[in-house]
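Take a look at the structure set out below.
The values are calculated or read from the model by the stated rules, or taken from the named source; none is laboratory data. All values reported here derive from a predicted model rather than from experimental measurement. Positions of Cβ are backbone-derived with ideal geometry, glycine not excepted, and every protein chain shown enters the neighbour counts.
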């Protein structure tokens with residue numbers, strides 16, 4: 001019996017694998033991703049952005065800016081007209097603030113979980129369902145020792161599920177746990193908050209008296225956040241310089257402006273200045289300030 | 001001009017078989033009446049061949065081996081009739097509801113769609129088979145000839161125009177729809193087929209049978225012409241199934257629900273419609289419950305039959321019976337009926353079918369059917385109220401949102417600046433522009449946790465909560481907010497933004513050391529009505 005030619009053998013293998021493997025003999029570089037903006041230009045300039053079809057981990061201690069990063073990414077994706085999903089492991093998402101930051105809430109499917117187990121199951125369902133531009137998993141408030149016990153095959157499963165899809169899987173947590181399953185790992189850290197002192201524009205005796213009486217007449221101005229690239233296997237298709245692995249890049253994100261959070265109360269006319277706690281309370285207006 | 005008639009032979013039996021397809025091919029009789037006096041009201045040809053006769057009692061029928069007995073169901077007959085009309089309207093807008101088992105369609109102008117009349121008849125037959133009915137279809141140039149041919153001949157019959165008499169003449173006299181007395185009279189005269197009736201002189205027939213005789217004579221000759229009485233299209237889609245034995249478990253119930261959904265979807269497909277809302281009404285088995293009064297009397301009271309209603313509103317209209325079944329199943333798994341089910345009635349509110357094509361430059365969103373299924377599964381996992389989109393409320397309350405269902409849209413226009421606006425922005429680049437600022441994140445703690453706050457000179461200086469304590473290094477406040485005092489859940493709070501240093505000696509407990517920050521900015525508030533401090537969340 002004559003040995004089959006190489007071409008015949010190849011076509012037979014391709015025929016047998018048809019429907020399961022697209023092109024078995026073509027090398028596919030798994031590190032080339034379509035990159036989209038994180039919504040923070042300083043980070044985009046270094047890492048290119050968030051890779052589609054891959055997992056990105058955003059880690060850092062509490063109050064390090066993970067939520068700000070997450071909201072920026074959600075705002076950028078929803079502004080592009082994409083449907084996004086947020087798996088909130090400890091039900092800590094603030095929709096009002098997200099809306100103020102530009103997140104289109106009608107495009108954001110919010111899954112309010114009570115624990116990490118529910119969050120992981122919900123993530124699995126969302127990824128398998130497909131079609132979302134960004135699936136953000138917020139494990140920030142889950143204790144690291146619990147997330148550490150998530151088996152590695154769960155992360156592999158997530159990575160495999162988003163592969164070859166336009167979905168960005170972004171996990172916010174305190175420590176990076178997905179190991180090699182994550183194509184991009186960023187560690188965030190924040191500097192102490194900055195405060196804006198009260199400025200009395202029209203100096204009057206009464207204002208000055210109030211200022212002396214209430215030395216805390218100040219406003220939370222913002223934070224300065226730094227981001228370290230812990231791991232990046234992303235080769236940018238759009239010729240952006242890829243961040244080298246293990247090279248730490250310091251990124252200074254613009255200072256946050258927290259004034260709008262004060263506006264939420266909607267009670268005060270001015271953003272600077274404190275009220276007399278003993279003064280009669282004003283009823284909130286019907287319209288938002 | 002051509003008319004098509006669809007006739008369903010053994011309609012009562014077929015309507016039952018449609019709801020229970022496993023009975024197809026077996027000898028089946030339908031019984032009706034009050035329980036001790038059941039009698040046979042309909043039987044299929046297999047049962048009749050076995051020797052069953054109409055009017056037999058149930059006890060007599062049970063003597064026949066292999067004959068299955070089912071109660072007659074008027075609801076299933078109505079559903080089958082509605083489905084038959086749907087088939088008619090799927091082909092032609094001009095449909096006559098002639099009888100419960102017969103409809104007539106006007107085929108005028110359908111040649112461009114289906115070609116010859118034979119193709120139209122074949123299409124009608126196929127569509128009727130799709131909804132579970134085996135029809136007789138006949139096409140003729142006048143309505144009555146089409147009806148007679150459909151009632152008399154099995155399969156598809158094409159009666160050529162002007163030659164109606166030849167094929168109709170072979171039909172038995174019982175094919176005519178008239179009084180039984182008239183038919184018996186004709187049979188006494190020896191008239192057994194339409195040809196014989198047509199051969200009778202019409203004048204003498206009129207003298208003996210009156211105008212009815214003349215009408216029957218015209219029918220027998222295939223010469224009677226009348227206009228179509230159009231039926232009004234209805235958008236009521238209901239299917240019902242009554243069970244002999246009550247169903248308790250979800251698995252067997254799924255088969256029944258799947259069958260009903262298949263029937264509904266087939267009808268909707270015939271009308272090019274889709275489901276927007278499904279109403280499933282379960283009639284539950286009456287349960288015996290111990291009443292307090294009954295206990296005193298040492299007897300049990302039988303409660304009335306209960307109903308359990310499940311309404312499933314879909315964000316997008318869909319017609320895939322498998323997806324719908326999964327959604328109904330998930331909904332029932334979350335809230336199952338409390339008693340065994342005796343009867344299922346399913347109705348559908350309809351909507352126009354979703355347009356699949358979206359904008360070419362709009363990002364592709366999740367498939368609506370798949371997404372609805374995913375949301376249903378998520379609702380089962382985390383609770384229905386914990387999945388959806390947040391809708392902001394017009395209030396200054398801290399929790400100023402409510403959860404709403406996903407609206408169903410998956411393709412959203414981009415809100416990015418257009419190229420023209422971008423050019424304008426570039427042209428005005430010389431103007432000093434304010435740098436884009438990233439919004440600060442805030443993590444809510446739900447529900448807010450109680451805190452112990454040490455206040456010095458009207459300001460917090462030390463805070464402890466959740467096993468943590470720290471010293472306040474910077475503070476902003478108090479920011480007072482109150483509202484809705486006229487309601488029970490009004491609020492009156494003094495908020496503070498605090499920068500807390502948790503790293504002070506003794507401030508950080510060992511068990512929390514790994515995941516609490518050494519420094520953090522949180523928002524706390526003093527709840528005036530409760531006279532307590534609470535932590536609302538952290539800036540992150």
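Numbers for the structure displayed
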{"read-out": "Residue B:37 being modelled with pLDDT of 90 or more and either out of contact with any helix residue (DSSP H, G or I) (no Cβ under 7 Å at 6 or more places or on another chain) or in the same structural domain as residue B:135 (by TED's automatic domain parsing) (or both)", "value": "no"}
{"read-out": "Test result for residue A:85, more than 7 Å from chain B (Cβ to nearest Cβ) and either surrounded by fewer than 24 Cβ atoms within 10 Å (Cβ to Cβ) or within 15 Å of residue A:158 (Cβ to Cβ) (or both)", "value": "yes"}
{"read-out": "Considering residues of the range B:367-394 that are at pLDDT 85 or above and assigned to a loop (DSSP other than H, G, I, E, B) only, the residue nearest to the other protein chains (Cβ to nearest Cβ)", "value": "B:394"}
{"read-out": "Selection within the range B:364-391 - farther than 18 Å from residue B:274 by Cβ and out of contact with any helix residue (DSSP H, G or I) (no Cβ under 9 Å at 6 or more places or on another chain)", "value": "B:364"}
{"read-out": "Condition check for residue B:166: surrounded by fewer than 19 Cβ atoms within 10 Å (Cβ to Cβ) and assigned to a loop (DSSP other than H, G, I, E, B)", "value": "no"}
{"read-out": "The one condition in (1) in contact with a helix residue (DSSP H, G or I) (Cβ under 7 Å, 6 or more places away or on another chain); (2) without any contact (Cβ under 8 Å) to a residue 60 or more places away in the chain that residue B:270 fails to fulfil", "value": "(2)"}
{"read-out": "Residues located in the range B:494-511, provided they are more than 9 Å from chain A (Cβ to nearest Cβ) and either crowded, with 22+ Cβ neighbours inside 10 Å or modelled with pLDDT under 60 (or both)", "value": "B:498, B:500, B:504, B:505, B:506, B:507, B:508, B:509, B:510, B:511"}
{"read-out": "Given (1) without any contact (Cβ under 8 Å) to a residue 40 or more places away in the chain; (2) touching a helix residue (DSSP H, G or I) at 6+ places or on another chain (Cβ under 8 Å); (3) under 19 Å from residue B:134 (Cα atoms), index of the condition residue B:13 fails", "value": "(2)"}
{"read-out": "Meets criteria (surrounded by 24 or more Cβ atoms within 10 Å (Cβ to Cβ), under 29 Å from residue B:502 (Cα atoms) and facing chain B (nearest Cβ under 8 Å)) for residue A:71", "value": "yes"}
{"read-out": "Single residue of the range A:41-62 satisfying the filter (within 28 Å of residue B:537 (Cα to Cα) and in contact with a helix residue (DSSP H, G or I) (Cβ under 6 Å, 6 or more places away or on another chain)) that is nearest to the other protein chains (Cβ to nearest Cβ)", "value": "A:60"}
{"read-out": "Residue in the range B:265-273 that is more than 24 Å from residue B:143 (Cα to Cα) and either surrounded by fewer than 16 Cβ atoms within 10 Å (Cβ to Cβ) or not assigned by TED's automatic domain parsing to the domain that holds residue B:327 (or both) present", "value": "yes"}
{"read-out": "Counted residues, the range B:227-250 - those being closer than 24 Å to residue B:70 by Cβ and surrounded by 13 or more Cβ atoms within 10 Å (Cβ to Cβ)", "value": "10"}
{"read-out": "Test: residue B:151 is assigned to a helix (DSSP H, G or I), surrounded by 13 or more Cβ atoms within 10 Å (Cβ to Cβ) and without any contact (Cβ under 8 Å) to a residue 12 or more places away in the chain", "value": "no"}
{"read-out": "Every residue from the range A:105-129 that is facing another protein chain (nearest Cβ under 7 Å) and more than 18 Å from residue B:386 (Cβ to Cβ)", "value": "A:107"}
{"read-out": "The range B:397-418, residues that are facing chain A (nearest Cβ under 7 Å), modelled with pLDDT of 85 or more and under 18 Å from residue B:445 (Cα atoms)", "value": "B:401"}
{"read-out": "Matching residues in the range B:171-183 - criterion: being assigned to a loop (DSSP other than H, G, I, E, B) and either at pLDDT 85 or above or farther than 13 Å from residue B:195 by Cα (or both)", "value": "B:171, B:177, B:178, B:179"}
{"read-out": "Qualifying residue in the range B:350-358 (condition: more than 10 Å from chain A (Cβ to nearest Cβ), at pLDDT 90 or above and loosely packed, with under 15 Cβ neighbours inside 10 Å)", "value": "no"}
{"read-out": "Residue within the range A:16-35 that is modelled with pLDDT of 85 or more, within 11 Å of chain B (Cβ to nearest Cβ), surrounded by fewer than 24 Cβ atoms within 10 Å (Cβ to Cβ) and touching a strand residue (DSSP E or B) at 6+ places or on another chain (Cβ under 7 Å) present", "value": "no"}
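One line per residue, one yes/no per condition, for (1) crowded, with 18+ Cβ neighbours inside 10 Å; (2) under 22 Å from residue B:343 (Cβ atoms):
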{"position": "B:23", "(1), (2)": "no, yes"}
{"position": "B:39", "(1), (2)": "no, no"}
{"position": "B:47", "(1), (2)": "yes, no"}
{"position": "B:57", "(1), (2)": "no, no"}
{"position": "B:70", "(1), (2)": "yes, yes"}
{"position": "B:75", "(1), (2)": "no, yes"}
{"position": "B:84", "(1), (2)": "yes, no"}
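Condition check ((1) within 12 Å of chain A (Cβ to nearest Cβ); (2) in contact (Cβ under 8 Å) with a residue 40 or more places away in the chain; (3) closer than 14 Å to residue B:525 by Cβ; (4) not in a strand (DSSP E or B)) across all residues:
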| position | (1), (2), (3), (4) |
| --- | --- |
| B:443 | yes, yes, no, no |
| B:455 | yes, no, yes, no |
| B:460 | yes, yes, yes, no |
| B:464 | no, no, no, no |
| B:469 | no, no, no, no |
| B:477 | yes, no, yes, no |
| B:481 | yes, yes, yes, no |
| B:485 | yes, no, no, yes |
